[in-house]
């Protein structure tokens, strides 16, 4: 399984391959995906002027009941701990 991405467009297909391999090998379901993109980005969701518009990756996670969590760098909480 090659998980080295050469282009951003490969992220969803690579994640699907990773998910299938992990779930088959370990007999578990992936429940959460954590990102350091700061609450969104090109892999998860896009925003327009009024609302969030889930991208393909976000729709795949939602359809599989996989929670997406984010880490916002340089947040107040990070520096206070």
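The values are calculated or read from the model by the stated rules, or taken from the named source; none is laboratory data. Because the structure is predicted, anything quoted here is derived from the model rather than measured. Because the Cβ atoms are built from the backbone with ideal geometry, glycine has one as well, and the counts that use them run over all protein chains shown.
The figures follow:
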quantity: Scope segment 17-38; condition modelled with pLDDT under 85 and over 10 Å from the mean Cα position of the chain (by Cα); matching residues; calculated: 38
quantity: Segment 39-57 - residue that is assigned to a strand (DSSP E or B) and either over 21 Å from residue 69 (Cβ atoms) or touching a strand residue (DSSP E or B) at 6+ places or on another chain (Cβ under 6 Å) (or both) and, of those, modelled with the highest pLDDT; calculated: 54
